[in-house]
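> Mind having a look at this structure? Questions to follow.
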Amino acid sequence: MRVLIIGCGYVGHCLGDELVGLGHEVFGLRRSPADWPGGIRPLIADVTDPESLRRVPLLPFDWVVNTVSSSKGGTEDYRRVYLRGTENVIRWLSPSPPGKYVHTSSTGVYAQDDGSAVSEASPAEGATDAGRVLVATEKRLVDAVNTGGFPAVILRVAGIYGPERGHLFRQYLRGEAVIAGCGDRWINMVHRDDVAGCIVAALDKGRAGEIYNAVDDEPVTQIDFFRWLSETLGRDMPPFGAAGPAGGKRGAASKRVANRKIKAELDYRFRHPTFREGYSAEIRRLRDGGLL
């Protein structure tokens, strides 16, 4: 297959390596030409700039994956990158649509804050303004599926961790972590390698218009996550602090996101079923490198 990865960064590089290893011809599109892994053919364009997309040769791509991320700006940055960027990509691809298009959204579209279990059928209203932009982006894709046959599959991705990533983990290692309130807020995570694996499964078996949660098997409360880190690393627990809205696109939401659909319909089996396997691997990597 000829595959295009739009926004070829942290997840895109990992995905590209995997697809190249599977024998696919892989192109990566991003704003900067720097840091391209071997095997991925670079294309330079910005999804927020329709003219830059038009300058890219529109090859007949079998599969297209959109893994763009914002530069951690505010709501308008989210709107520009996700909603308008997606609209630009749909228009750009429409003359020669791919056989499958996978869009990485976020579990931040779920606003539930009561610790309830949520699935793809649960209300998705966005916990923050940024989350509501993600909801609007998903709706735009679903409209494109229903009105124009655009072959979009949506993955709602939980908090990504992996090599050099993991906000709470990195805070803990720096001695800056604080347990918010009583630490009962639920956290949903997924390892970077499993995000790539879920995308490959969606490209292979996902159905246009369907939504799948890309999240591991076990949500965990903040306090239990820090307790595991404390016991594993032999360090003290972080101090308790005032409860308050969490930053980022997930806001202060607290929910337990289910992954049954992606396992049942796409037959995906997680390489790191819980944070324990994933972070154990990262801890080993850091220790082997003399970084811990």
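The values are calculated or read from the model by the stated rules, or taken from the named source; none is laboratory data. Here the structure is a predicted model, which is why all the values come from computation and not from measurement. We place every Cβ from the backbone using ideal geometry, glycine too, and count neighbours over all the protein chains shown. Ligands, DNA and RNA are stripped out before the accessible areas are found, and what is left, the full protein with its side chains, is counted by its heavy atoms. Shrake-Rupley method; radii C 1.70, N 1.55, O 1.52, S 1.80 Å.
> What number, rounded to the nearest 500 deg cm²/dmol, is the helix-based mean residue ellipticity at 222 nm of the chain, given -39500 (n - 2.57) per DSSP H run of at least four residues and division by all its residues?
-10500 deg cm²/dmol
> A further question follows. Asp267 versus Arg174, label points 7 Å from Cα toward the beta carbon: distance in nm?
4.4 nm
> Something else now. Name the trypsin sites (Lys or Arg not before Pro) in region 1-76 that are in a loop by DSSP and that have at most 11 other C-beta atoms within 10 Å, would you?
Arg55, Lys72
> Which FRET efficiency value, to the nearest 0.05, is calculated for Arg287 and Asn146 with the Förster distance at 45 angstrom and r the Cβ-Cβ distance?
Taking R0 as 45 Å, the efficiency between Arg287 and Asn146 is 0.35.
> Counting only GluC sites (Glu not before Pro) that sit in a DSSP loop (anything but H, G, I, E, B) with at most 13 other Cβ atoms within 10 Å, what is the longest stretch of the chain containing none of them?
My reading of the result: 1-124 is the longest stretch.
> Which of Gly234, Phe275, Leu203 sits closest to the plus end of the dipole of region 195-292, meaning its Cα is farthest towards the positive end, when Lys and Arg get +1 and Asp and Glu get -1 on the C-beta?
Of the options given, the answer is Leu203.
> Cα-Cα pairs above 18 Å in region 1-114: how many percent?
That tail contains 50 percent of the Cα-Cα pairs.
> Right, next: Please calculate how many Å² of accessible area the chain carries per residue, with a 1.4 Å probe and no DNA, RNA or ligand atoms counted.
Per-residue accessible area for the chain comes out at 44 Å².
> Same structure, new question: Can you compute the modelled spin-label distance between Arg260 and Leu233, with each label point 7 Å from Cα toward Cβ, in nm?
In this crude spin-label approximation the distance works out to 3.5 nm.
> I've got another one for you. Taking the Cα centre of region 182-292 as origin, sum charge times position over the Cβ atoms of Lys and Arg (+1) and Asp and Glu (-1), and report the length of that vector in debye to the nearest 20.
Around 200 debye, computed over region 182-292.
> Another one. Just to check I understand the Karplus step: with θ = phi - 60° and J = 6.51 cos²θ - 1.76 cosθ + 1.60, what whole-Hz values come out for region 159-175, glycine and proline as x?
Once rounded to whole Hz, the list reads x, 8, 9, x, x, 6, 10, x, 4, 5, 4, 5, 4, 4, 5, 7, x.
> Measuring from label point to label point, each 7 Å out along Cα→Cβ, what is the Glu125 to Asp217 span in nm?
About 3.3 nm, to one decimal.
> Please state the Cα pair-distance histogram of region 73-211 with 5 angstrom bins from zero: what percent is in each bin?
Taking every Cα pair in region 73-211, the percentages come to 2, 9, 16, 19, 21, 17, 9, 5, 3, 1, 0.
> Another question about this same structure. What FRET efficiency, computed as 1/(1 + (r/R0)^6) with R0 = 35 Å and r the Cβ-Cβ distance, is obtained for Glu277 and Thr75, rounded to the nearest 0.05?
The pair Glu277/Thr75 has a calculated efficiency of 0.50.
> Next question, about the same structure. Can you count the Lys pairs in the chain with C-alpha separation below 27 Å, eight or more apart or on different chains?
18
> How much of the DSSP beta bridge set in region 155-292 is antiparallel, as a percent to the nearest 5?
25 percent
> While we're on this one: Share of antiparallel DSSP beta bridges in the chain, in percent to the nearest 5?
10 percent
> Which whole-number value in Å³ per residue fits the convex hull of the alpha carbons of the chain?
127 Å³
> Which value, in Å² rounded to 10, gives the accessible area of Asp236 with a 1.4 Å probe and all protein chains present?
So the heavy atoms of Asp236 present about 130 Å² to solvent.
> Roughly how big is the chain's charge dipole about its Cα centre, with Cβ charges of +1 (Lys, Arg) and -1 (Asp, Glu), in debye to the nearest 20?
Using Cβ point charges on Lys, Arg, Asp and Glu, the chain gives about 320 debye.
> Ignoring any ligand, DNA or RNA, what whole percent of the accessible area of region 1-121 comes from carbon and sulfur when the probe is 1.4 angstrom?
Carbon and sulfur: 50 percent of the exposed surface of region 1-121.
> Sorted from largest down, what three extents in whole angstroms do the Cα atoms of region 134-254 have along their principal axes?
Result, largest extent first: 55, 27, 21 Å.
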